[in-house]
Amino acid sequence: MNSLPSVAVVILNWNGKNFLEKFLPSVMSSSYKNLSVIVADNASDDDSVSFLQKYYPQIKIILNKNNEGFAKGYNSALKSVSADYYILLNSDVQVTEGWIEPVISIMETDKKIAACQPKILSFENKNQFEYAGACGGFIDTLCYPFTRGRIFETCETDNGQYNNPMQIFWATGAALFVRATIFYEMNGFDEYFFAHQEEIDLCWRMQRAGYKIYVEPKSKVYHVGGGTLPMGNRKKVFFNFRNNLVMMSKNLPVAEKIWKIPLRIFLDAVAAFRFLIEGDFPTFISIASAQMHFIEWIFVGKKNKKLPKLYLKKMPATYDGSIAWQYFIKKKKTFSEIISL
């Protein structure tokens, strides 16, 4: 009888045959002994599925009928995956030897840890932190997300400066270890998000319920990034701006949301007009559209009525100041210049 908790690596794929071909070998060589690997395909129209059937017959394939995005795609797929822990892994991630064991070990030592991430490094530049998660997610007073190792567009070199495991605010969806029972307790991802920041919303709700989010840098993976929607893509901009406002509206205490959300809408509008002045009309349109869709969501959107009671007055890994002020005005470009831990 296997005493190790069961772990399922679930890769959500959409037209990612090239990534599967390149990175599945590293996943399949994982040393964890009680492991299953599943690919959930979001109605790809490339030959991803036939490739898997031919070269990886041992992998279970879940076929979603439509491209349901990250949020609904995983919610749908995970209904037919049984394991103690899920690892939601992007198709454009190369894992390293022994990447699973340290994270499961830390989660097993504290049952209150609902989600955890490894250190995320760039596949193209392996000594540099990668944009999507770096070494653990934080959030500032106006709900701008940032990480240990990446502030806005500045990704630091990994010199071991963030090698301590610690409690964080959010764990990246690029390589998200999550306790299955708590994932369902939270009703999974908010499907309205489709893609982008749904993992931050999930981690926020987990913490509202009294759980913890961690990073374990003993585990590391390499992420290509922008595999489905590249940086600067109009849809990516739209989802990030819209979903951040929705997340604030859902999770902030009433006393904070009544002033923070209007201020964020104003600041986002300023950013939009800056892009317009610079001649970037598509980004301007994306941000404006995001704000209009957020207002529509307030009045007619399907709301999650089962938000956990807020147990903590102050969440861990939150920065009381403005990360934008520190970065753009005070010119502080690294995490350690802004926050000393």
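The values are calculated or read from the model by the stated rules, or taken from the named source; none is laboratory data. This structure is a prediction, so every number in the text was calculated from the model and none was measured. Counting neighbours? That spans all protein chains shown, and the Cβs are built from the backbone with ideal geometry, glycine included.
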Please work out if Ala209 is modelled with pLDDT under 95 and either over 30 Å from Phe284 (Cα atoms) or among the basic types (Lys, Arg) (or both).
yes
Test for Ser105: is it over 29 Å from Met248 (Cβ atoms) and among the hydroxyl-bearing types (Ser, Thr, Tyr)
yes
Conditions (1) more than 25 Å from Ser3 (Cβ to Cβ); (2) in contact with an Asp or Glu (Cβ under 9 Å, 6 or more places away or on another chain); (3) in contact (Cβ under 8 Å) with a residue 60 or more places away in the chain; (4) not in a helix (DSSP H, G or I) -> Ile61 fails only (3)
Among the residues of the stretch 118-153, the number that are more than 20 Å from Ile339 (Cα to Cα) and either in a strand (DSSP E or B) or among the small types (Gly, Ala, Ser) (or both) is 3
Of the residues in the stretch 65-98, those that are touching a Gly at 6+ places or on another chain (Cβ under 8 Å), surrounded by 21 or more Cβ atoms within 10 Å (Cβ to Cβ) and either in a strand (DSSP E or B) or at pLDDT below 95 (or both) come to Leu88, Asn90
Reported set for the stretch 284-296 where residues are within 22 Å of the chain's Cα centre (by Cα) and either at pLDDT below 95 or polar (S, T, N, Q) (or both) is Ser286, Gln291
task = Using the structure shown, decide if Asp41 is in contact with a strand residue (DSSP E or B) (Cβ under 6 Å, 6 or more places away or on another chain), of a type in the set (D, E, K, R) and either crowded, with 17+ Cβ neighbours inside 10 Å or in a loop (DSSP other than H, G, I, E, B) (or both).
result = yes
Of the residues in the stretch 175-189, those that are buried (at least 18 other Cβ atoms within 10 Å of the Cβ), of a type outside the set (A, V, I, L, M, F, W, C) and out of contact with any helix residue (DSSP H, G or I) (no Cβ under 6 Å at 6 or more places or on another chain) number 1
Checked the stretch 319-337 for anything in a helix (DSSP H, G or I) and touching a strand residue (DSSP E or B) at 6+ places or on another chain (Cβ under 7 Å); matches are Ile323, Tyr327, Phe335
Filter pass, Pro102 being part of a helix (DSSP H, G or I) and in contact with an Asp or Glu (Cβ under 7 Å, 6 or more places away or on another chain): yes
Of (1) assigned to a helix (DSSP H, G or I); (2) crowded, with 18+ Cβ neighbours inside 10 Å, Glu256 fails just (2)
